[in-house]
Amino acid sequence: MSTIERVKDKTEGPLDGVSLNAYCVVTDFGNQGGKVKIKKQKVHPCNIKASYEIGTVSFSVRNRKIMVAVRLDELMEVLKEASLAAMEVREKRDKNDEEVKQ
């Protein structure tokens, strides 16, 4: 994983801002016979930025010249729920594994 960097100069963004260079998968969709299908997927370098002051997280895809921003609180709720769901699935799987062994 890359290093998370903090904004050091207020001309570059809010001073509580952080940035991470990463990789992301960009999916292009096509329409075939009235159905939306995946046309292609490709890995691209991207940059993730976050700031509590602004209240957003943004994902910039350099090769595609695109940026998507979402509210920080909404992203945190989604990640929290995903974590809870993963723990529940793991607990059920472990419980089922124990029952099979008995």
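For the stretch 1-30, a tally of residues being more than 20 Å from residue 76 (Cα to Cα) and surrounded by 14 or more Cβ atoms within 10 Å (Cβ to Cβ) returns 3. Please go through the stretch 13-67 and pick out each residue that is among the polar types (S, T, N, Q) and farther than 21 Å from residue 2 by Cα. Within the stretch 13-67, 27, 31, 32, 41 meet the criteria.
Computed from the coordinates by the stated procedures, all read-outs in this text should not be read as laboratory data. The shown structure was predicted, so the numbers you read here are calculated from the model rather than taken from an experiment. Cβ: placed from backbone, ideal geometry, glycine included. Neighbour counts: every protein chain shown.
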